[in-house]
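Right, one structure below, let's go through it.
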Amino acid sequence: QVQLVESGGGLVQAGGSLRLSCAASGSIFSIPTMGWYRRAPGKQRELVARVMIGDSTNYADSVKGRFTISRDNAKNTVYLQMNSLKPEDPAVYYCNEIMRSSRFDTARDYWGQGTQVTVSS
């Protein structure tokens, strides 16, 4: 069984920084894609950033140049460094990993429990 545990959310002033972490544990064969999504009140969940094996990345336009996603394959962990946080960034941030539990499995979506990010102006 796979579990994703997130950490690093909290309250920060506008212009400040936070670093989110998401560690996967359990039966893991490979993690082709690791990413972060967010859902703000009254809005749909949106992709923030994702990183693939080989370290290619995608970012939402709204966070380009401010957020950096990275992964540590040895630790099965993905990070989201968030700099220059803005009043429009507050949301619950969810870790998402597309993962194979064994070489016989197809890739499946796994989600973390979510971590709140709040930005004060």
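Points to keep in mind about this one:
- Per residue, the chain exposes an accessible area of 54 Å² to a 1.4 Å probe, with every protein chain left in place.
- Point-to-point label distance, PHE29-ALA14, nm (Cα→Cβ direction, 7 Å offset): 4.9
- Of the listed residues ARG38, ARG103, ARG45, the order by accessible area with a 1.4 Å probe, largest first, is ARG103, ARG45, ARG38.
- Apportionment of accessible area to carbon and sulfur, segment 13-112, percent (1.4 Å): 46
The values are calculated or read from the model by the stated rules, or taken from the named source; none is laboratory data. All of these numbers come straight from a predicted model, not from anything done at the bench. Using ideal geometry, Cβ is built from the backbone for each residue, glycine included, and neighbour counts are taken over all protein chains shown. Surface accessibility is based on the protein's heavy atoms, side chains included, excluding ligands, DNA and RNA. Shrake-Rupley method; radii C 1.70, N 1.55, O 1.52, S 1.80 Å.
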